Amino acid sequence: MNQVKRLDEWIASRPILIASVTFTIGITLTAIAFLVTGIRVSTEGWNVRGTLISNRYIQFETFVESGSCDDGACYVNPYRLNANALSAPKTNSSRRLLRRTVLEFPTHPLCEDLSYHGDVMYPNLDVVFMANDEGVDLFTAQAFRKMCEVEENIMGQTNWNNYCRGGAAPNQVENCYLSDSSLENQAPLYYTKTMVDDSGTQMYARGCYNANSYPQMVKHVLSLSSCEEIETNTVSGTVIANLKTAVLACVDVLATDSNGVCATLTSTDLGIPGAEDAVDAVTFEPREYYISAFLNGKFSSDFPNLVTTRSYLPMDWSRSSMENSMKYLVNLGDKKNVLEVSNDLFYTIYGSENDLYDYVTDIELYRDMLLASGAVIIILVMIICHTGSLFLTLAAVSQIVLSFPVATFFLNTVLRIKFFPFLNFIGLFVICGIGADDCFVFLSKWDQAKARLPPKSPAKDVSKMCYWDATYSMFLTSTTTACAFFSTAGSLIPPVRVFAIFMGCMVVFDYIFDVTIFAAAVAWQHDKKIELKKRRYEEGSKWAGWMLSIFFEMPKIIRRPQCVKPDLDDDTKDDDEERQEQKSPNENGGIRGNKSRLISENVSRELVFPVVYKLRYVLVIAAIALGCASSYGGSKLSLPTDSSVELLPDEHVLTKYSRVMRSSFKSATESQIEVDVVFGLQAKDDGDYNDPSSVPNFAIDTTFDMSAPEAQTWLYNFCQKGKAIAYGNESRCWMDTFVSWLEDMDAAWASENDDSRYRNTGGGTDQCINDSSCDFNSQYASGVWAWKDNCAQRKTLPIPQENFIGCIYGWTMDWSSSYNGGTYYLKNNKKMIDSLYNERYDSSGTTLLESYDSVKMLLTVVSFSLDIGWNEETSLLKKRWQTWESFIYEELKTAPAGVKNGWQTDRGAWRWFDTVENMNDNFREATLMCLGIALGIALISTANIVVTILTIFSIGTILASTISVVVSLGWTLGFLEGICLCILIGLSVDFVIHMGHAYCAAAERGVHTRVDRTREAFARMAFPIASAAFTTFASACVLFFCTITFFQKFGTIVMISMVCALCVSLAFYVALLSVLGPEGSFGNIRDFKNMCSCKPTKSSGPNSSSRPGNQEEQEQEQLER
């Protein structure tokens, strides 16, 4: 204990040694963190981990992403499965289907035979047409013409043929030409002159595939040569109207039954004259004219206006590079009336899957990081102005910045957390504000102690008087701030949890460096300034003057004024005179404290506090009203309905595009939820919860076995019951398809040789009796024999148990029928893609496919569609989840042993609402925990129940008022907001803790009335609190000029919290102390016998013993000298 007490002497007498040792340790850990361990910055992982819903989701996604899945079935060899080699689970995989569907559109009418020369397919350009209001119908000839003109204008831009899909290598002649020279002036720029034929005719090569859209479909069907003809052609209006009627009819069919079949259109159906006599009349399958990706979600007979549609312009970014292609699209977006067009019918937005969004986000993120560095510069300027010393500024910045890599070392090496979210870099800005606050407090304590000692007192004397008081005060706030961050570490969302741990560690290390490096720097500068001033003014050394003005005393116009002219009378007063002056009453009826030479302290005591004191009753009433009102307003903080973490602002075109693509079209990835019921997997997650890229090992349920006849029947009936409560009877239940296959193969086997549906007709009439008499069509050649040999010739369920696996495997391997029109696949346009098998290998590694005994069904999945999408309220999502959870639970009660362990999941919606609920619960728990920690710290630091109650009330008011303002701004508790509020908890407690501690410390100096205690606390702490608040507020202003929404919201939270914290701590809290603060020993838990008395006791007098480093004891010792 004595060695600890002597730390203040070591800091003052050996500052260079203390600072050097600490700094060397910090640099060494920094080198280990960055050079040896390294960091891997990530922006992934914005989902909950470790809950029941999450465990189910991530286990199933591991299966989906690890399996070799195609359009027929999924296979995986568990003995080759390596969890460490797997990538993080992906969501919304259905987006890949959109790309495949849309590319089936015809190419430009004059270039239908154009081949594709690109090697790699990258995301393409989407242009979305949005009607100006819901009364506008874009399914008209006029709208089609204008949309076509937008498409042609885009493809007519310079260098489009260098990035489009379909363009050939440079100087390579295309296979599609226009020989009509009259089209030279009409053809867009993407028709390029390539050669002159033997007759001298100029030839034009088509270098790009045409846009895919409804207007281009009409243009292709009618063989129109320009967009204008879409509106002027006498037939086009009829064709468009008939096409719309057919699309609406298909929408109604699928709305009634998602497995329904729409009509095939002919040229006659579209109203094309003479189509019935044409040999090559055009026909359209439903998939060719009903494109859900081009239809807004509300489009139906009840709402027949097409208010949102899109054009898909194929691109091949491999012809240049992805970066160059994205730059090209960004440049197109900057051009007026190219990608963003507005007219009397519609306006356009554009995008390109997620890659363009990520590219633009990275660009803006880099720019904003440079801009955000300006906030750090502002903090540096404020530190310079406050300290008036370049040397102390460098010391402060060094110790603040050093906490970042040391915390990184602790995170990676000690805690073994390798995941490093991008949010951790935001921590550098946060720690600058917290570190500056600590530096201001320490320096203010030092200046106050120096002002109460004789001039030219050595650093050792000043340190002995103030070091422990300063470090104790900072310890209280640092502990509270660190614990506030650590309380958020209970979050199950990896980036939030790791960020909270990292921030807590940074606060701890910043405190350690503050009380060592910065304290040593202050002590060394103190003695150095005395030495240099002596040389400058007594010895006339110009070098000493330069050193003094450059490093230790900035010009007065920059640094804040600290002291008035020393008052020798005050310095020579003895202890009795000083104490007698304290007892003299002032105009407010209180007691004067020691007259300080600090201007900031005198201004706070003599000018500002009297104003607050006169308004104390008004401020108390306002504080109570604010606490109640803000608590009510803060309770209105709602949960988000959008599952995306959007970093670009709402008005950005790519943000608009992202939202439209997620929810506005019938094919939108989040427009409909699909429940997957899984049998054969255990809902376990043994991966690293702190690393989103870590996936669990396959957890096979060894009890799963559906080969028993009762299990087959139960699962088939389960599918039928599930379809009954699913939206539109829509399901992906492979057993329906399997039963259809059994019926079809049975019919094929029983068919006669002249039945062209199943046989290669040879005139025979006998049924299939042996191998030689059977000559099946190609789509039945493999399936019939698999059915005959392995399915016990059953045409429906159940299959005998000993034949079930072989029959299932034979059906799955029946590739010919699955790709060539087998009714069990194409009947409802469904494919079985969710069954997984275990393949057995011999000693040489050869796959044993001949024997059905080598196959084992590991798991199976059946899926059902719901009538809601991701953008519903989380309460509705949870209600639907509970509905299906109850349904599955009740059905499993009657399930046979082999299928008793099924559970539900989906492709992200359930995990989304689980994530939102976890964030909401964690924020509330962290807030309560923060208040609890603040209560404990306040009670320990003040040892007074009354002050503790007022402190907790004030901290709660700061939190609630900040959240109320956030609610009034329309924010919800999303990912970015949750992180910002996590930071808010850490920033809201410091100022009040400082003021409360100073209030109770005044009692230890013999000040007993609440007014005098409040005055002394206000005089000593108002300026450092205001300096810290202003510094942080000013630096946050820079963030408003950022593009990334997180920086904007972070700046907003910081500014609001600083305003609220400053008002509450320096106005409302001070008023509460001056009116309700304890006097004497009232509420003092250290003096339990007299804690209800307002009279001073020995334990609270100036001669009382207290913790080591009691300031009054040290002041008395110095005065006696």
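Can you go through Ala470, Ala500 and tell me which one is within 30 Å of Asp914 (Cβ to Cβ), part of a helix (DSSP H, G or I) and assigned by TED's automatic domain parsing to the domain that holds Ile384? Even if it seems obvious, please write down each step before you answer.
Values: Ala470 fails: within 30 Å of Asp914 (Cβ to Cβ).
Sole residue among the options that is within 30 Å of Asp914 (Cβ to Cβ), part of a helix (DSSP H, G or I) and assigned by TED's automatic domain parsing to the domain that holds Ile384: Ala500.
How many residues are of a type in the set (Val, Ile, Thr) and not in a helix (DSSP H, G or I) when one looks only at segment 996-1046?
Initially, segment 996-1046 is screened for residues of a type in the set (Val, Ile, Thr), giving 1007, 1009, 1011, 1014, 1025, 1031-1032, 1038, 1043-1045.
Still in the list and also not in a helix (DSSP H, G or I): 1007, 1009, 1043-1044.
Of the residues in that region, 4 qualify.
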Next on the checklist: I want to confirm something. Restricting to segment 487-496 and keeping residues that are crowded, with 24+ Cβ neighbours inside 10 Å and not hydrophobic (A, V, I, L, M, F, W, C), which single residue is nearest to Asn918 (Cα to Cα)?
Outcome noted: Ser491
Checklist entry - So, of the residues in segment 936-960 that are hydroxyl-bearing (Ser, Thr, Tyr) and crowded, with 24+ Cβ neighbours inside 10 Å, which turns out to be nearest to Ala1003 (Cα to Cα)? => result Thr942
Checklist entry - Are any residues in segment 402-416 surrounded by fewer than 19 Cβ atoms within 10 Å (Cβ to Cβ) and on the phi < 0 side of the Ramachandran plot, and if so, which ones? => result Thr413, Val414, Leu415
Item to check | Tally of residues being farther than 22 Å from Pro215 by Cα and either at pLDDT 75 or above or not charged (D, E, K, R) (or both) across segment 248-273 | outcome: 9
Next on the checklist: Given the criteria surrounded by fewer than 23 Cβ atoms within 10 Å (Cβ to Cβ), polar (S, T, N, Q) and in the same structural domain as Cys1000 (by TED's automatic domain parsing), does Asn901 qualify?
Outcome noted: no
Checklist outcome for this item: In segment 986-1013, anything closer than 17 Å to Leu1062 by Cβ and of a type in the set (Val, Ile, Thr) is listed as Val989, Val992, Ile993
Checklist entry - Can you pull out the residues in segment 646-673 that are assigned to a loop (DSSP other than H, G, I, E, B), surrounded by fewer than 19 Cβ atoms within 10 Å (Cβ to Cβ) and either at pLDDT 85 or above or assigned by TED's automatic domain parsing to the domain that holds Phe1046 (or both)? => result Pro649, Glu651
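The values are calculated or read from the model by the stated rules, or taken from the named source; none is laboratory data. Values in this document were obtained by computation on a predicted structure and should not be read as measured data. Positions of Cβ are backbone-derived with ideal geometry, glycine not excepted, and every protein chain shown enters the neighbour counts.
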